[in-house]
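Read the structure below first, then the notes.
The values are calculated or read from the model by the stated rules, or taken from the named source; none is laboratory data. Everything numeric in this text was worked out from a predicted model, so none of it was measured. Cβ sites come from the backbone with ideal geometry, for glycine too, and all protein chains shown count toward neighbours.
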Protein chains: 2
Amino acid sequence: PPLPKLPRSTLNDSLLPELYKWSLSHGLMVYKENSTPNEATMVPLTAYPTPIPRKAFEAAIDVQLPFNQLYAKISTVGTDQESSFISKVSSKLAKSDPTFTGKLWTLQRKLFNQPSLQSFNLGIFRSDYLIDKTNFSSIKQVEFNTISVSFAGFSNKVAQLHSHLNRLGLYDPSGKNKQVYFDEVPVSNPANGFAKSMKKAIEFYSASSTYTTDRELVVAFIIQRNERNVFDQKCIEDELWESYGIKSIRLTFDDVVNELEYVKNDDERRLIVKRTGQEIAVVYYRTGYTFDDYISEKDWDARFFLEQSFAIKAPNLLTQLSGTKKIQQLLTDDKVLSQFIGDDEELRAKLNDTFVKIYPLDNTEMGEMGKKLATDPKLCENYVLKPQREGGGNNIYKKDIPKFLSTLNENEWDAYILMELIHNEPSLDNIICRNDEIFPLPILSELGIYGTIIFDDKGGIYYNHCPGWLLRSKFETSDEGGVVAGFGCLDSVFLY
Amino acid sequence: PPLPKLPRSTLNDSLLPELYKWSLSHGLMVYKENSTPNEATMVPLTAYPTPIPRKAFEAAIDVQLPFNQLYAKISTVGTDQESSFISKVSSKLAKSDPTFTGKLWTLQRKLFNQPSLQSFNLGIFRSDYLIDKTNFSSIKQVEFNTISVSFAGFSNKVAQLHSHLNRLGLYDPSGKNKQVYFDEVPVSNPANGFAKSMKKAIEFYSASSTYTTDRELVVAFIIQRNERNVFDQKCIEDELWESYGIKSIRLTFDDVVNELEYVKNDDERRLIVKRTGQEIAVVYYRTGYTFDDYISEKDWDARFFLEQSFAIKAPNLLTQLSGTKKIQQLLTDDKVLSQFIGDDEELRAKLNDTFVKIYPLDNTEMGEMGKKLATDPKLCENYVLKPQREGGGNNIYKKDIPKFLSTLNENEWDAYILMELIHNEPSLDNIICRNDEIFPLPILSELGIYGTIIFDDKGGIYYNHCPGWLLRSKFETSDEGGVVAGFGCLDSVFLY
Ligand SMILES: Nc1ncnc2c1ncn2[C@@H]1O[C@H](COP(=O)(O)OP(=O)(O)OP(=O)(O)O)[C@@H](O)[C@H]1O
Ligand SMILES: Nc1ncnc2c1ncn2[C@@H]1O[C@H](COP(=O)(O)OP(=O)(O)OP(=O)(O)O)[C@@H](O)[C@H]1O
Ligand SMILES: [Mg+2]
Ligand SMILES: [Mg+2]
Ligand SMILES: [Mg+2]
Ligand SMILES: [Mg+2]
């Protein structure tokens, strides 16, 4: 369905001023680089919601709880420890990617050698999809994120913004200020869902404690140094406090070292904030997902200090490791998927339907196929090459792939996966608002579905929810979609 | 009562980061000069609420409805027109201040020559007080504002901010994160009160219309060019829309000329937005109160075009004229006050109690006294000299008064009033947060009480409310308190 086409004067005189003011006054903002703490700038966003086929949207929601459960299972080693699926995959990846996956795996192996104190885990996930342009009801998974998924706060606010602009009549091209979209701009509040899952986690934390304490139980947000995306995170802090009366504290790895300690004379390793005496029940990572987040061995020590504690981790190391691109590739093998999904053919087919072809670049049969596709100057045009990395800016596209691979030793190729490109139909009439400029250019949209799950180390699942979604868009001409980096922007869903 | 004294590290690590983030994400912001529309900066504010004696606070609230009524009466000429009190005062002021009061008066006289179309008026007032340090229950009126009173939106939010910081335990000097203030930080929502009075005004507008229309009735905010304080105003727009489903439109005087018209073939002069067909029921001025707001004759024409219309004005010209410093001075004369208050001795005493001595500088007995005080190098030290101006930066203090007067012809002195200085006890332990700096310096606080009133041109009063208050503070060492200009800052009330 076409978007409203506003005359330029209506856009400039009515829509944009309200869009800027509403966004800024409702916290849709980031800090600029090297900003002072008293100034903020609007996060890039679209002027309108983007049309998304209802069937595709519903299909994505429909598979979220099973995906949560799948990744919880993958992250659970039970008594198998080093012989479990995730351990075997991680230990292999550790060799081809020693600087990052290898580091995570080293910490995990140290944990295997200790008695596990906390058996509950919190997963806060986001499964990302593109809609296949050859079949508008078909969603294809880009990746499954198991650590530090962002924009739960902004997703809610952008949908509210678009809905507000619509209700004010500012989308009406006739100038009569009537609504043009109706109930088809759904609003979700994943930040509330995140907070709710943390509250639940705190309940499990308390219930499984050997003694009760009158220390205040709080959530620790482990954050990047110089974080600019603080206002998105603040939505979760606000939901924790306003909806559930739970306080939170923000700590960089440096702060972890300086401000926390384990309770003394106690082998439970409860995490305590030295200054306030608060007890950290949930460690929620908004850092630690990329190599650059660890600037020295001290940061790895800080991570280990947190992992060893009695706090519930969101996520723990195994859950983080389950989010590698390698695992995603392995799951496209039906034999691997059945291992975790079991006999439910229908469900397996449903999940499988969201997968595109992903190849390893190793010595297996699939791997040889992958190498052939990746090095062929023609065939490579339909693929993207991905390392075991998060955070954007790491992928190699199309004809750059053979060139890139030729700079590596073939034994290093194993650290990458080769993924079929998903072809997505651009939307033509939306407008990206970034800084004080507007860009009426074709965009591509990526739908993210959030998931929250509480599970234990014996395979039990205690809470499994889908608290909402996110739409991000980027210029059709851009490969990357990072919002804070300025490549992409926030959008909302208009169902048709 | 002393304010909490936080260790510097708690202030920097806990209180200030939350203060900045909460303020920015809740719209406590202004545009910087020449800002692009996508960036905003925190409005200056205090880190803590400021202690205010409960008795003084209650006394100020107590006189607000009578003050609303008093100023409504002063603004009502009935059948007297040019022989009324306000007309006689204004016509005299017009001579000594032809460039501004004179202009307003010229427009009003033109209106007197026309049949009046709209008999209802909306007053949105703020009465400002300082607390006399010799008697902590005694409030003294600084001025009574009848046009464009600001910070109704921010007042609510700063109280919420301080309350939020307190509930989070961030004021606790012990570091144990306990609340230190309890219910003594009251929160009011004057922006909602303003919106409610506008909604009421629209009801009177509809009720008094000769025909019903299916045009949408809206409020027009008449705003300054390059307004920076848009986020405060937006709170009122948001309240109108969210609480009452009423849309508003923002127009500069240029926009008034270009975008509005009277309904054609109709001698009711209903105001219509050409593009949307919306009908303006209430004209709400956030400009037009100072000489600089009118950059050419065209702006005066725009003002007149609005005044002539069927819309309810907030305020109309007479109500604006009733807010001059001259009227304030005249009301300190008990004979004048009785004229409007009548026999109610108790009420008259109550209002009178809030007045300090104010002298004219004319040829009356009081005027001769005023001239003596104003020109004496010693006596002048206890006075401030004020012109018939609004918006700050116009006053002359203490020993500057004789110097200043000597640069004028004595026949020009009449445009000024001489006001006794109110001596206010500084608060010592608060901190002003401005830009990214903090100033732990003594401050003086000014309490503003908002009032809304609907009255007609025959003396009827239909709605009279006090929707809240405002506390602004400034450095003890500064004469002026303009917040957006950077002299003063927003504060909240802690009652003791
Ligand atoms: N198979 C694909 N087909 C089309 N586009 C893709 C595909 N895979 C990735 N992309 C594009 O590249 C972007 C980055 O890829 P991906 O999300 O896998 O990387 P990442 O490093 O994990 O980034 P992040 O975690 O920050 O999202 C995606 O948002 C999408 O726009
Ligand atoms: N009598 C007084 N005693 C002490 N201080 C005063 C007195 N009158 C004014 N002031 C100080 O000067 C400031 C400005 O005075 P006033 O409010 O009368 O001027 P204004 O031009 O109407 O400004 P605005 O309408 O922007 O508040 C006050 O906020 C107060 O700080
Ligand atoms: Mg991604
Ligand atoms: Mg990712
Ligand atoms: Mg004032
Ligand atoms: Mg004033």
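Observations
- Candidates in the stretch A:181-196 are the residues that are part of a helix (DSSP H, G or I) and away from chain B (no Cβ under 14 Å); of these, the one that is farthest from A:G153 (Cα to Cα) is A:K196.
- Scope the stretch B:225-240; condition among the polar types (S, T, N, Q) and either within 11 Å of chain A (Cβ to nearest Cβ) or over 16 Å from the mean Cα position of the chain (by Cα) (or both); matching residues: B:N226, B:Q233
- Residue ID - surrounded by the fewest Cβ atoms within 10 Å (Cβ to Cβ), chosen from residues in the stretch B:403-425 that are over 22 Å from the mean Cα position of the chain (by Cα) and at pLDDT below 95: B:N409
- Which listed residue is surrounded by 15 or more Cβ atoms within 10 Å (Cβ to Cβ) and away from chain A (no Cβ under 14 Å), from B:S90, B:S83: B:S90
- Top-ranked residue of the stretch A:3-20 - restricted to ones that are under 15 Å from A:I438 (Cα atoms) and assigned to a loop (DSSP other than H, G, I, E, B), ranked as farthest from the other protein chains (Cβ to nearest Cβ): A:K5
- When residues of the stretch B:375-384 are limited to those that are buried (at least 16 other Cβ atoms within 10 Å of the Cβ) and within 10 Å of ligand 2 (Cβ to nearest atom), the one nearest to B:I327 (Cα to Cα): B:V384
- From B:D456, B:D436, B:D429, B:D400, residue being within 14 Å of chain A (Cβ to nearest Cβ) and either away from ligand 1 (no atom under 16 Å from the Cβ) or surrounded by 18 or more Cβ atoms within 10 Å (Cβ to Cβ) (or both): B:D436
- Condition broken by A:I61, with the remaining ones in (1) within 14 Å of chain B (Cβ to nearest Cβ); (2) in a helix (DSSP H, G or I); (3) of a type in the set (V, I, T) satisfied: (1)
- Search result, residues across the stretch B:150-180 that are surrounded by 22 or more Cβ atoms within 10 Å (Cβ to Cβ) and either within 16 Å of ligand 6 (Cβ to nearest atom) or more than 14 Å from chain A (Cβ to nearest Cβ) (or both): B:F151, B:A152, B:S155, B:V158, B:A159, B:H162
- If you go through the stretch A:21-47 and pick out every residue that is within 8 Å of chain B (Cβ to nearest Cβ) and either part of a strand (DSSP E or B) or without any contact (Cβ under 8 Å) to a residue 60 or more places away in the chain (or both), you end up with 11.
- Output for the stretch B:263-289, where each listed residue is away from every other protein chain (no Cβ under 14 Å) and assigned to a strand (DSSP E or B): B:L271, B:A281, B:V282, B:V283, B:Y284, B:Y285
- Count of the stretch A:420-465 residues which are touching a residue at least 24 places away in the same chain (Cβ under 8 Å) and closer than 30 Å to A:M198 by Cβ: 20
- Evaluating B:D353 against the criteria (1) exposed (fewer than 13 other Cβ atoms within 10 Å of the Cβ); (2) closer than 22 Å to B:D132 by Cβ leaves one unmet condition, (1).
- The number of residues in the stretch A:242-262 being without any contact (Cβ under 8 Å) to a residue 12 or more places away in the chain and over 19 Å from A:D301 (Cβ atoms) comes to 2.
- Some residue of the stretch B:277-285 being of a type outside the set (S, T, N, Q), within 15 Å of B:R225 (Cβ to Cβ) and within 26 Å of the chain's Cα centre (by Cα): yes
- Some residue of the stretch A:204-214 being within 12 Å of chain B (Cβ to nearest Cβ) and either surrounded by 21 or more Cβ atoms within 10 Å (Cβ to Cβ) or out of contact with any strand residue (DSSP E or B) (no Cβ under 6 Å at 6 or more places or on another chain) (or both): yes
- Residue satisfying all of: in the stretch B:363-406; of a type in the set (S, T, Y) and more than 21 Å from B:A94 (Cα to Cα); farthest from ligand 3 (Cβ to nearest atom) among these: B:T375
- Residues that are of a type in the set (S, T, Y) and at pLDDT 95 or above, drawn from the stretch A:186-226: A:S188, A:S197, A:Y205, A:S206
- In this structure, A:T146 does not qualify as more than 30 Å from A:P467 (Cα to Cα) and either more than 14 Å from every other protein chain (Cβ to nearest Cβ) or within 16 Å of ligand 3 (Cβ to nearest atom) (or both).
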